[in-house]
Amino acid sequence: MNFDYTEEQLAVQKMVRDFVAKEITPYAKEWDQQEKFPWDVWKKMGDLGIIGTSIPEEYGGSGMDYICHAIVAEELGYGCTSMRGSYSVNISLVAKTILKWGTEEQKKKYIPRIASGEIFGCYGLTEPDSGSDAASMKSTAEQDGDYYILNGNKMWITHADVAEVSIIFAKTDKNAGARGITAFLVDKGTPGFTPQPIHEKIGLRAQDTGEITMDNVRVHKDQILGPVGKGFAVAMSALDNARFTVAAGCVGTAQAALDVAKKYAKERIQFGKPIAAHQLVQQLIANAVLDIEMGRLLVYRAGHLKNKEVPNTRETCMAKYFCSEMVNRVTYNMMQVLGGYSFSGEYPLERMYRDARINTLYEGTSQIQQLIIGNSELGIPAFA
């Protein structure tokens, strides 16, 4: 594993970092307060090729590697977790899943439009009564000639209300458990497919989140993603990709929190000197630096394995578990450095702290990551 960035990776990092500093960071507070997604900024990202960085050129992307993919997620996480989240969903959960499992027609229909920023996609796995236990979903898909009739509900779905295409998981065989799940591509506006937005979230306020109701939704068999009955495998492969960019984004947010605290510690005078000179403040800063560096190395290790196209679920879960816990720890401790000022909107730490919380919950909770890692070490699954 080479620890040096390539020229291409450095160029991507500079481009995205400059873009974030100019177009995202100065406005993240406003977007958060107004629960407003910046569509114009997203389109600029598409025009610059940022969104499609790791998508193959034949489908409208730049064809770069997973380290570049991580760099984009980290830099977006530095500026605004909502923007990083939309990047993760559109590329990691949707575009890369269609790329792996889709027919050529499906790939050409959706991936270039997602990579360019023209359309959004969403990933409909979670339901009101099934989160971590995804195989217990109640949504069904009954065959009717060349069509399938979908019924059920999906919950906590990023982009539910704005997505032009949704990857929806439903049971084509109610008695087969995980082996009875099939993935479908459902276009916006399909009769009976009704999304509703969810507001007043603790964080990710600039990102669209919603629920979906399916009432006799007719989907042609050509819209099946992957083989019938292999939907659970489709879902898990998508989560492998999403966990990777969640972890990278956590590194970016933690780095942003550290940078805010470092600047404040050098300027704030207490007891006749900058608080940066006090040992306990230096301890908080030092621990944050170590946490961030360890997280970044775990992300790049997973990216290295993804580039080699070898199994990486264990390493990706390790990165997601550590980094999602780490960003909560770092934002909390950097608030300690700022003291009372961190409790107001004058500084961005309060938003970073709120946004950090979701990372231990979605794309598999921290406890699910621990179970996957434990199973890989022991060879004994904690659940059937």
**Message:** I'm trying to understand the selection: among the residues of the range 247-264, which are more than 23 Å from His69 (Cα to Cα) and either touching an Asp or Glu at 6+ places or on another chain (Cβ under 7 Å) or surrounded by 21 or more Cβ atoms within 10 Å (Cβ to Cβ) (or both)?
**Reply:** Ala261, Tyr264
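Please determine, by comparing only the residues of the range 87-106 that are within 18 Å of Gly49 (Cα to Cα) and of a type outside the set (A, V, I, L, M, F, W, C), which one is farthest from the chain's Cα centre (by Cα). Can you show your working first?
In the first step, residues of the range 87-106 are kept if they are within 18 Å of Gly49 (Cα to Cα); the result is 87-92, 94-96, 99.
From what's left, of a type outside the set (A, V, I, L, M, F, W, C): 87-88, 90, 92, 96.
Details: Tyr87: 7, Ser88: 4, Asn90: 9, Ser92: 7, Lys96: 13 Å.
Here the answer is Lys96.
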**Message:** Looking at Gln270 and the list (1) on the phi > 0 side of the Ramachandran plot; (2) in the same structural domain as Gly339 (by TED's automatic domain parsing), which single condition is not satisfied?
**Reply:** (1)
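For residues in the range 7-27 being in contact with a Gly (Cβ under 6 Å, 6 or more places away or on another chain) and of a type in the set (A, V, I, L, M, F, W, C), which is surrounded by the most Cβ atoms within 10 Å (Cβ to Cβ)?
To start, the set of residues in the range 7-27 that are in contact with a Gly (Cβ under 6 Å, 6 or more places away or on another chain) comprises 20, 24-25.
So of that shortlist, the ones also of a type in the set (A, V, I, L, M, F, W, C) come out as 20, 24.
On the way: Val20: 27, Ile24: 22.
Among those residues, the one meeting the criterion is Val20.
Is it fair to say Met334 is without any contact (Cβ under 8 Å) to a residue 40 or more places away in the chain and either assigned by TED's automatic domain parsing to the domain that holds Glu200 or over 26 Å from Tyr123 (Cβ atoms) (or both)? If you could, list the steps in order and put the result at the bottom.
Numbers: without any contact (Cβ under 8 Å) to a residue 40 or more places away in the chain: no; either assigned by TED's automatic domain parsing to the domain that holds Glu200 or over 26 Å from Tyr123 (Cβ atoms) (or both): yes.
No.
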**Asked** Any idea which residue in the range 341-367 is surrounded by the most Cβ atoms within 10 Å (Cβ to Cβ), counting only those that are modelled with pLDDT of 95 or more and polar (S, T, N, Q)?
**Response** Asn359
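List the strands (runs of 3 or more DSSP E) that sit entirely inside the range 177-268 and contain at least 1 residues that are out of contact with any helix residue (DSSP H, G or I) (no Cβ under 9 Å at 6 or more places or on another chain) and closer than 30 Å to Phe383 by Cβ. Working first, answer last.
Numbers: elements: 181-187, 193-197, 209-220.
Ranges flagged: 209-220.
Take the conditions more than 27 Å from Leu280 (Cα to Cα), surrounded by fewer than 21 Cβ atoms within 10 Å (Cβ to Cβ) and assigned by TED's automatic domain parsing to the domain that holds Leu280 and apply them to Gln370. Does it pass?
The answer is yes for Gln370.
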**Fill in**
Given (1) modelled with pLDDT of 95 or more; (2) closer than 30 Å to Ala235 by Cα, Gly379 misses just (1)
**Message:** Go through (1) surrounded by fewer than 21 Cβ atoms within 10 Å (Cβ to Cβ); (2) assigned to a helix (DSSP H, G or I); (3) more than 16 Å from the chain's Cα centre (by Cα) for Leu338 and report which single condition fails.
**Reply:** (1)
**Asked** Any idea which residue in the range 35-51 is surrounded by the most Cβ atoms within 10 Å (Cβ to Cβ), counting only those that are assigned to a helix (DSSP H, G or I) and touching a residue at least 12 places away in the same chain (Cβ under 8 Å)?
**Response** Met45
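Please go through the range 311-335 and give me each residue that is of a type in the set (Ser, Thr, Tyr) and buried (at least 21 other Cβ atoms within 10 Å of the Cβ), ordered by number.
As a first pass, look at the range 311-335 and keep what is of a type in the set (Ser, Thr, Tyr): 313, 316, 321, 324, 331-332.
Across the range 311-335, the qualifying residues are Thr316, Tyr321, Ser324, Thr331.
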**Request:** Output yes when any residue across the range 301-315 is touching a residue at least 40 places away in the same chain (Cβ under 8 Å), within 24 Å of Ala356 (Cβ to Cβ), over 20 Å from the mean Cα position of the chain (by Cα) and part of a helix (DSSP H, G or I), and no when none is.
**Result:** no
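Can you say whether Ala134 is out of contact with any Pro (no Cβ under 6 Å at 6 or more places or on another chain) and surrounded by 15 or more Cβ atoms within 10 Å (Cβ to Cβ), as far as the supplied structure shows? It would help to see each step written out before you state the result.
Numbers: out of contact with any Pro (no Cβ under 6 Å at 6 or more places or on another chain): yes; surrounded by 15 or more Cβ atoms within 10 Å (Cβ to Cβ): yes.
For Ala134, the condition - out of contact with any Pro (no Cβ under 6 Å at 6 or more places or on another chain) and surrounded by 15 or more Cβ atoms within 10 Å (Cβ to Cβ) - is met.
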**Request:** Go through the residues of the range 280-288 one by one and say whether even a single one is buried (at least 17 other Cβ atoms within 10 Å of the Cβ), in contact (Cβ under 8 Å) with a residue 40 or more places away in the chain and not in a helix (DSSP H, G or I).
**Result:** no
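The values are calculated or read from the model by the stated rules, or taken from the named source; none is laboratory data. Because the structure is a prediction, the values reported are computed rather than measured. In this analysis, Cβ positions are derived from the backbone assuming ideal geometry, glycine residues included, and neighbour counts consider all displayed protein chains.
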